[in-house]
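Participant: Pasting in a structure now, in structure tokens, and then I'll have a few things to ask.
The values are calculated or read from the model by the stated rules, or taken from the named source; none is laboratory data. These numbers come from a predicted model, not from an experiment. For neighbour counting, all protein chains shown are included, and Cβ atoms are generated from backbone atoms with ideal geometry for every residue, glycine included. Heads up: the accessible areas ignore ligands, DNA and RNA and are worked out on the full protein's heavy atoms, side chains in. Shrake-Rupley method; radii C 1.70, N 1.55, O 1.52, S 1.80 Å.
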Amino acid sequence: FFFFFFFQAEDGIRDAQESRGLGDVYKRQVSTQSTGHKTRDTMAGNLAVNKLSKKVGDIDNYEAKFEAKEKAASQVESFYNIATDFYEYGWGESFHFAPRYTGESFTDSIIRHEHNLALAINLQPGQKCYDLGCGVGGPLRNIARLTRGKITGLTCTEYQINKGNSYIRRDGLQEFGNIVIGDYHNHPWEDNTFDCGYDVEASLHSDNLDQYFAEVYRTLKPGGKFAGFAYVWADSVDYEGNPDHKFIVDEYMIGNGCPKWYKWADWAAAIKKSGMRLVRHEDLADTGNIPWYRPLEPSYRSLTGFAATPLGMKVTSALTYTLETSRLIPKGSYKSHVMLVRGGTAIKVAGQQGLLTPMHLYVLEKPE
């Protein structure tokens, strides 16, 4: 009966202290909105507020872990206890961005993006593959349908395992996929076990890229391929010398469950140290003609875009606050919403300013 979208900009934050300053950073930008093309901006999911689980109440626990700089797996577990329902119902069952072309729906671009990753690792029917940081298994299921590979998803969040495996059963894909619990810095598998693997924007949560790729090397068979979409910050980002850059990066980290942030040099160094061979890499952000961050931008042409307009942001924020106060949604929903808005806004602003890409494709191979 009520619908609500959490990917909104800073003006939707009710508590002015929570939104401290990102609006000023945003307002100093030159608008990058494109005009003249009527594109379909409809998102994959809407959040019916009565579907929120009590997991959103883990917000205080997450913030404490983030401030204490606990290990990534612990932080991310709490983060996705909060974020999973919001992501799923506000975005869809695949928690990632994609380049998009005129006339292509959001959902079609998401699936095409996932299929390109499967092609990059040449996943064949019956081959053993892993999906690191698999969420509720949206990419896993789409790739399984395409390839008929045997895909094991890995997540550190028990809540996502239960949901993801139920979706695998729902879609009749038990023969091709399952999700297990574990930390992608410490795989629960023997050496030389898998033919290939991939990561769909999940490695942004890593606090140790050296260990992340060392485990990929250990558990892949010789000759096995691994590919991923990395969150990469531009070389021009000056965290220490530019207060605007620092603020955007800090908001990105707290609002997206990221203990650290990385430039491409960090990724390249960790890959080389692991022993994996870098076959190729490419930023796919500009391969479409619709900006990848478009779903986060305001528009009066769709319900999703309306949620990011000044009016839509105020309505959404007030509605969330009112529903929680009235006990119609779980305690912690509003505060979780505020935090995720901060993260989404930071990603949008960074994308508009050319400071961040969430889709730097890298393809690796373990030497024979």
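Participant: Residues in region 164-211 that are open to solvent by 10 Å² or more (accessible area, probe 1.4 Å), in contact with a Gly (Cβ under 7 Å, 6 or more places away or on another chain), within 20 Å of residue 226 (Cα to Cα) and hydroxyl-bearing (Ser, Thr, Tyr): how many?
Facilitator: Matching residues across region 164-211 total 1.
Participant: Would you please name the residue that is most open to solvent (accessible area, probe 1.4 Å), looking only at residues in region 212-249 that are assigned to a helix (DSSP H, G or I) and under 26 Å from residue 98 (Cβ atoms)? Can you show your working first?
Facilitator: Pass one, region 212-249, residues assigned to a helix (DSSP H, G or I): 212-219, 243-249.
Now drop any that are not under 26 Å from residue 98 (Cβ atoms), which leaves 212-213, 216, 245, 248-249.
On the way: 212: 0, 213: 0, 216: 0, 245: 26, 248: 1, 249: 0 Å².
Checking each candidate, the answer is 245.
Participant: Let me spell it out: the conditions are (1) open to solvent by 10 Å² or more (accessible area, probe 1.4 Å); (2) more than 19 Å from residue 69 (Cβ to Cβ), and residue 259 meets all of them except one. Which number is the exception?
Facilitator: (2)
Participant: Oh, and also: List the helices (runs of 4 or more DSSP H) inside region 257-368, counting only whole elements, that have at least 3 residues being at pLDDT 95 or above. Steps first, answer last, please.
Facilitator: On the way: elements: 264-274, 303-306, 310-325, 333-352.
Where helices (runs of 4 or more DSSP H) fall fully within region 257-368 and carry at least 3 residues being at pLDDT 95 or above, they are 264-274, 333-352.
Participant: On the given criteria, is residue 123 part of a helix (DSSP H, G or I), under 24 Å from residue 195 (Cα atoms) and either open to solvent by 10 Å² or more (accessible area, probe 1.4 Å) or modelled with pLDDT of 95 or more (or both)?
Facilitator: Working: part of a helix (DSSP H, G or I): no; under 24 Å from residue 195 (Cα atoms): yes; either open to solvent by 10 Å² or more (accessible area, probe 1.4 Å) or modelled with pLDDT of 95 or more (or both): yes.
No; evaluated as a whole, the condition is false for this residue.
Participant: Restricting attention to region 164-204, and to residues there that are part of a strand (DSSP E or B) and among the aromatic types (Phe, Trp, Tyr), which single residue is farthest from residue 150 (Cα to Cα)? Can you show your working first?
Facilitator: Taking region 164-204 and keeping what is part of a strand (DSSP E or B), we get 177-181, 183, 186, 194-200.
After this cut, where a residue has to be among the aromatic types (Phe, Trp, Tyr) as well, the list is 194, 198.
Values: 194: 10, 198: 13 Å.
My answer is 198.
Participant: Name the residues in region 132-163 that are more than 17 Å from residue 122 (Cα to Cα), assigned to a helix (DSSP H, G or I) and open to solvent by less than 10 Å² (accessible area, probe 1.4 Å), would you?
Facilitator: 138, 160
Participant: Pairs, please: C-beta under 6 Å, at least 6 apart or cross-chain, first residue in contact (Cβ under 8 Å) with a residue 40 or more places away in the chain and in region 88-113, second of a type in the set (S, T, N, Q) and in a helix (DSSP H, G or I)?
Facilitator: Final answer for the pair search is 98/109; 100/109.
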